[in-house]
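A.B. asks: Here's a structure for you.
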Amino acid sequence: ILNVEQSPQSLHVQEGDSTNFTCSFPSSNFYALHWYRWETAKSPEALFVMTLNGDEKKKGRISATLNTKEGYSYLYIKGSQPEDSATYLCAFSGTSYGKLTFGQGTILTVHP
Amino acid sequence: EADIYQTPRYLVIGTGKKITLECSQTMGHDKMYWYQQDPGMELHLIHYSYGVNSTEKGDLSSESTVSRIRTEHFPLTLESARPSHTSQYLCASSEFGWHQPQHFGDGTRLSIL
């Protein structure tokens, strides 16, 4: 069974703070690394799919980086807002079939 | 916005009943997936399909079964529900290609008494 670890497990920040989380994954047989945002009472929503070492993706105030050689990805949120409160999931794909192995997620709470 | 629907949203039912959780998508995606998530734990893949008449077991062993008779429909069935099946079940779909994001339904919270 593949090991995908996310840290921290939970995070509380104040509105306006910038924050970042880590996802660690196996460095062999890498195909893709996904990030999803999962708000309470909603469905997980795809943020990024990253495929190349050194990839950097950005969507508004959220960005992500990828290091496949050492097996980690960082997700950054600049100027956190209360609506950013959610669970952030990363998922590793080690095959060409698109099967994903998920981490436990980082629960972010942004206080006004 | 993704168009993938799961019903029911919540189900509380007694032990021994046969249950079918429905999942439908209107995006024409070939690939569909079922995940199970226990409280505080990761999403675990229990079944997936690459297209009509294709079904495979996922990484987590499950007593449930699935079928894929139509592209848009991927139901999950438990023949005889037990308390150990209490969990959240999420359905997802994606376009073909290992770099495609998955689109998720809202999930079914299943409680077996």
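The values are calculated or read from the model by the stated rules, or taken from the named source; none is laboratory data. Computed from a predicted structure; not experimentally measured. We place every Cβ from the backbone using ideal geometry, glycine too, and count neighbours over all the protein chains shown. The area values use the complete protein model at the heavy-atom level, side chains included, leaving out ligands, DNA and RNA. Shrake-Rupley method; radii C 1.70, N 1.55, O 1.52, S 1.80 Å.
A.B. asks: Need the C-alpha centroid separation for the stretch A:35-112 versus the stretch B:54-83, integer Å.
C.D. replies: When both Cα centres are located, 28 Å separates them.
A.B. asks: Can you figure out the FRET efficiency of B:Glu79 with A:Thr51, using R₀ = 41 Å and their beta-carbon distance, to the nearest 0.05?
C.D. replies: So the FRET efficiency works out to roughly 0.55.
A.B. asks: Return the single residue from B:Leu11, B:Leu90, B:Leu76 with maximal mean-square fluctuation; model: Gaussian network over chain B, springs between Cα atoms under 10 Å.
C.D. replies: Per the Cα network of chain B with a 10 Å cutoff, B:Leu11 tops the list.
A.B. asks: So what is the relative contact order of the stretch A:2-112, in percent, for Cα pairs below 8 Å that sit 6 or more residues apart?
C.D. replies: 37
A.B. asks: Can you sort B:Met27, B:Met41 by solvent-accessible area, 1.4 Å probe, largest first?
C.D. replies: Heavy-atom accessible area, descending, gives B:Met41, B:Met27.
A.B. asks: Note down the magnitude of the dipole of the stretch B:59-112 about its Cα centre, charges +1 on Lys and Arg C-beta and -1 on Asp and Glu C-beta and zero elsewhere, to the nearest 20 debye.
C.D. replies: 120
A.B. asks: Turning to a different aspect of this structure: Let me know the Kirkwood hydrodynamic radius for chain B, please, with Cα pairs as the basis and the value in Å to one decimal.
C.D. replies: Hydrodynamic radius (Kirkwood, Cα only) of chain B equals 14.0 Å.
A.B. asks: Right, here's the next one. Go ahead and run the numbers for FRET between B:Val12 and A:Tyr76, Cβ-Cβ distance against an R0 of 45 Å, rounding to 0.05.
C.D. replies: According to the calculation, E is roughly 0.65.
A.B. asks: Gain in length, B:Glu22 to B:Glu56, computed as 0.36 nm per residue apart minus the alpha-carbon separation, to one decimal in nm?
C.D. replies: 10.5 nm
A.B. asks: Another question, if that's okay. Counting alpha carbon pairs within less than 8 Å and at least 6 residues apart, what relative contact order, in whole percent, applies to the stretch A:20-84?
C.D. replies: Result for the stretch A:20-84 is 33 percent.
A.B. asks: Of the candidates A:Lys42, A:Lys78, A:Lys58, which one comes out as most mobile in a Gaussian network treatment of chain A with C-alpha springs shorter than 10 Å?
C.D. replies: The residue that fluctuates most here is A:Lys42.
A.B. asks: Please list the radius of gyration and Dmax for the protein assembly as shown, considering alpha-carbon atoms only, with Å as the unit.
C.D. replies: Gyration radius and largest Cα-Cα distance of the protein assembly as shown: 17.5, 51 Å.
A.B. asks: Hey, rough spin-label estimate for A:Glu15 and A:Arg61, points 7 angstrom out along Cα→Cβ, what's it come to in nanometres?
C.D. replies: It is 1.0 nm.
A.B. asks: With the crude spin-label approximation of a point 7 Å out along Cα→Cβ, what separation in nm comes out for A:Thr40 versus A:Thr109?
C.D. replies: My value for the distance between the label points is 0.9 nm.
A.B. asks: Shielding of B:94-107 by partners, i.e. mean partner chain Cβ atoms within 10 Å per residue?
C.D. replies: So the per-residue partner count for this stretch is 6.
A.B. asks: What lysines could a cross-link reach from A:Lys42, if we take a straight Cα to Cα line under 30 Å and drop same-chain neighbours fewer than 8 places away?
C.D. replies: A:Lys42 reaches A:Lys57, A:Lys58, A:Lys59, A:Lys78, A:Lys99, B:Lys17, B:Lys18, B:Lys31, B:Lys57.
A.B. asks: On to the next question. With the contact rule set at Cα under 8 Å and sequence spacing of 6 or more, what percent relative contact order holds for the stretch B:12-113?
C.D. replies: Relative contact order for the stretch B:12-113 comes out at 35 percent.
A.B. asks: So with the 1.4 Å probe, I'd like the accessible area per residue for the protein assembly as shown, rounded to whole Å².
C.D. replies: Here the per-residue accessible area is 49 Å².
A.B. asks: Report the accessible area of A:Lys59, computed with a 1.4 Å probe over the heavy atoms of all protein chains in place, in Å² rounded to the nearest 10.
C.D. replies: Per-residue accessible area (A:Lys59): approximately 90 Å².
A.B. asks: Carbon and sulfur together cover what percent of the accessible area of the protein assembly as shown at a 1.4 Å probe radius?
C.D. replies: Ligands and nucleic acids excluded, carbon and sulfur give 48 percent.
A.B. asks: Which part of the stretch A:42-65 falls in the paramagnetic zone of B:His99, meaning amide N under 17 Å from the point 7 Å along Cα-to-beta-carbon?
C.D. replies: A:47-58, A:64-65
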